[in-house]
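The values are calculated or read from the model by the stated rules, or taken from the named source; none is laboratory data. Just so it is clear, the model here is predicted, and its values are computed rather than measured. Cβ coordinates were reconstructed from backbone atoms using ideal geometry, including for glycine residues, and neighbour counts include every protein chain displayed. SASA here: full protein model, heavy atoms, side chains in, ligands and nucleic acids out. Shrake-Rupley method; radii C 1.70, N 1.55, O 1.52, S 1.80 Å.
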Amino acid sequence: NNRNAAKLADAVEPTVPQPKLAAISGCELVRRELAKYPGWNVRLMMAIARAENRNCDPLNHNLSATENHRLCIGSYGVLQVACVHFRPDEDRNDTATVVKVAYRVWQSGGYSPWSMYRNGRYREFLK
């Protein structure tokens, strides 16, 4: 019976193990997210991200009193985006969301909203 032969052939067909794709995280994930948005300098934004958050840790939030933005306290994630820029439904722990919010900030203020740009510390991370 051809149908049974086909099932048997499928059953004994050797399978080739597929390599597991490594999850992309940290600074490489930030770089990929930055590259999705037109207009800004990805290299410069990456340097700002590294100056703001050396390890590109999405959970590195500054919730100290020095981060008082009148309506809220805190700057979030890989680009230390101020709390006032987030909409209520936006996840401050998610790298893609933080970069999207940072893009909105950049569109209205260029690079100057980031203190690490204004003070020049981003320069040590330019590659």
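Here D91 fulfils each of the conditions (1) in contact (Cβ under 8 Å) with a residue 24 or more places away in the chain; (2) closer than 19 Å to L29 by Cα; (3) of a type in the set (D, E, K, R) apart from (1).
Considering only the range 76-102, state which residues are at negative phi, polar (S, T, N, Q) and assigned to a loop (DSSP other than H, G, I, E, B). Once the filter is applied, which keeps residues that are at negative phi, polar (S, T, N, Q) and assigned to a loop (DSSP other than H, G, I, E, B), the range 76-102 yields only N93.
The numbered conditions (1) open to solvent by 20 Å² or more (accessible area, probe 1.4 Å); (2) over 19 Å from G120 (Cβ atoms) are all true for L44 except (2). Screening D57 against (1) among the acidic types (D, E); (2) touching a residue at least 60 places away in the same chain (Cβ under 8 Å); (3) out of contact with any strand residue (DSSP E or B) (no Cβ under 9 Å at 6 or more places or on another chain) leaves a single unmet condition, (2).
Results for (1) more than 17 Å from M116 (Cα to Cα); (2) of a type in the set (S, T, Y); (3) at pLDDT 95 or above; (4) part of a helix (DSSP H, G or I), shown as yes or no for each residue.
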residue: A9; (1), (2), (3), (4): yes, no, no, yes
residue: Q18; (1), (2), (3), (4): yes, no, no, no
residue: E33; (1), (2), (3), (4): yes, no, yes, yes
residue: W40; (1), (2), (3), (4): no, no, yes, no
residue: I48; (1), (2), (3), (4): no, no, yes, yes
residue: C56; (1), (2), (3), (4): no, no, no, no
residue: R70; (1), (2), (3), (4): yes, no, no, no
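The requirement of being closer than 13 Å to A49 by Cα, open to solvent by less than 20 Å² (accessible area, probe 1.4 Å) and part of a helix (DSSP H, G or I) is not satisfied by V105. Tallying residues that are closer than 15 Å to P113 by Cβ, within 17 Å of the chain's Cα centre (by Cα) and not hydroxyl-bearing (S, T, Y) within the range 72-92 yields 9.
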